[in-house]
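Beneath this line is the structure, given in structure tokens, with notes to follow.
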Amino acid sequence: MTDWRKEWFEIEDATYLNAAAQGPLPRVSVQAAAQAIEWKKFPHTMPESLYMELPNRVRASVAKLIGGHAEEIAVTTGTTSGLAAVAAGLHWKPGDEVLVARGEFPAHFTVWQPMHEAGLIKLIVVEPRGRFLTADDFLDRITSRTRLVSASLVRFDDGALLDAAKVAQACHSAGALLLLDAAQCAGAIPIDIHALGADFLTASAYKWLLSPYGTGFFWAREELIEQMRAGPFYWLALEDATKFHALSSGTFRLAKGARRWDSPETASPFNLAPMDASLDLLLRIGVETVWEHTRRLITMMIERLPRDRCVLASPASADARGSYACIAARTAEKTTELFERLRAAKVVVSLREGALRISPHLYNSERDIDRLLMLLAT
């Protein structure tokens, strides 16, 4: 069995269980970032072809990770870019409804709430019937007026995994579309975009895709791209963008595909060179390997959780969770105290919505979980 931990620099002064907040750059990605700095230090050494090749390599790698096509991938700065692209690109009709669940990550509300207030859509906030959101909660609210369901595939606050295929089927039966936020699962769990049935998928890359902050991607189903409203776009999305010697004499036609939603200055080597390296590493490792390892560590944590002090704040079934889990003390105050105690002991986790989010990766081992459990029990 390959020991993948050597692909990262060892975090010697802390037990890092916080990939859901920031994924550490692998060694190869740090080297790529250093090369990018050298290119800027000596600009004449930077290949001109990188302006197109670097984003296109990222597109190709993302497509392999999610089972899509490179032409369906836009290279963005994060999850919100994809949400905004859908908001700007769909042709809205009076009375169109967008469904977002209560407690969803704020980016969904910062995109859809202003459109609701402007009278462009009607925002419907879906209340979970049980402790954790399920597909059935959405199905109860989908009607002929529903235009879009905007939802996280894995929730940031409790790790609940949405049965996206079930929601997608209900959406399509009603003539609606499904937009998935994969920030907390792209690179962490296997994703087959066509099996999920989604129409759009957006994600930041600085978490489970192990890339710099300010990186991400947006996937749109191929047949929907040309149906969406074309807005302002970055000039490298032009058909003739590679003809640097004659840019002003071009036809200024938008190229086909998702490139129209690329973030401006897409090919920044500081961001995309390490992202390219991280994606390549993930493809070599295999997301299934990451998924199996993290699931085993989380199962170990849950089975040995000191139940007199802590409770599970994520779905109990592994099939209903993403790659991490949340726990809490018996009261909100004690949960905060526990978080502070872990932080003082340099065990790094996140405090989210009154619970501790524990998110290991391949660089973690059973010893890290042992240390966490020891502190939880004292």
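No other residue among 272, 283, 297 is within 29 Å of residue 162 (Cα to Cα) and crowded, with 18+ Cβ neighbours inside 10 Å apart from 297.
Please list, ordered by residue number, the strands (runs of 3 or more DSSP E) wholly in region 280-378 having 3 or more residues that are not small (Gly, Ala, Ser).
Those strands (runs of 3 or more DSSP E) span 310-312, 355-358.
Test residue 266 against the stated conditions and say whether it is modelled with pLDDT of 95 or more, β-branched (Val, Ile, Thr) and farther than 23 Å from residue 9 by Cβ. Criteria not met by residue 266. Taking region 1-21 as the range and being surrounded by 15 or more Cβ atoms within 10 Å (Cβ to Cβ) and either part of a helix (DSSP H, G or I) or out of contact with any strand residue (DSSP E or B) (no Cβ under 6 Å at 6 or more places or on another chain) (or both) as the test, the residues that pass are 4, 7, 8. Annotation: of all residues in region 197-237 being at pLDDT below 95 and in contact with a strand residue (DSSP E or B) (Cβ under 7 Å, 6 or more places away or on another chain), the one that is surrounded by the most Cβ atoms within 10 Å (Cβ to Cβ) is 237. Sub-9 Å Cβ pairs linking a first residue in region 85-114 that is within 16 Å of residue 183 (Cα to Cα) to a second residue that is at pLDDT below 95 and open to solvent by 60 Å² or more (accessible area, probe 1.4 Å), at least 6 apart or interchain, are 103/353, ordered by first then second residue. Screening residue 158 on (1) touching a Lys or Arg at 6+ places or on another chain (Cβ under 9 Å); (2) surrounded by fewer than 23 Cβ atoms within 10 Å (Cβ to Cβ); (3) charged (D, E, K, R); (4) not in a helix (DSSP H, G or I) shows it passes everything except condition (2). One residue stands out among those in region 355-370 that are of a type in the set (Asp, Glu) and either in contact (Cβ under 8 Å) with a residue 12 or more places away in the chain or over 20 Å from residue 335 (Cα atoms) (or both): the one that is surrounded by the most Cβ atoms within 10 Å (Cβ to Cβ), which is 368. Here's a check for you: in region 238-249, which residue that is open to solvent by 20 Å² or more (accessible area, probe 1.4 Å) and not in a helix (DSSP H, G or I) is modelled with the highest pLDDT? Across region 238-249, the extreme among qualifying residues is 238. Selection of region 22-40 for residues being open to solvent by less than 50 Å² (accessible area, probe 1.4 Å) and assigned to a loop (DSSP other than H, G, I, E, B) yields 23, 24, 26. Answer yes if at least one residue in region 193-210 is without any contact (Cβ under 8 Å) to a residue 40 or more places away in the chain and among the aromatic types (Phe, Trp, Tyr), and no otherwise. Within region 193-210 (the criterion being without any contact (Cβ under 8 Å) to a residue 40 or more places away in the chain and among the aromatic types (Phe, Trp, Tyr)), the answer is no, since none of the residues qualifies.
Please count how many residues of region 41-51 are over 20 Å from residue 263 (Cα atoms) and either surrounded by 12 or more Cβ atoms within 10 Å (Cβ to Cβ) or touching a residue at least 24 places away in the same chain (Cβ under 8 Å) (or both). So the answer is 1.
The values are calculated or read from the model by the stated rules, or taken from the named source; none is laboratory data. Predicted model, so just to flag it, every value in this text is computed and none were measured. All Cβ positions, glycine included, derive from the backbone under ideal geometry; neighbour counts span all protein chains shown. Accessible surface is based on the protein model in full, side chains and every heavy atom, while ligands, DNA and RNA are left aside. Shrake-Rupley method; radii C 1.70, N 1.55, O 1.52, S 1.80 Å.
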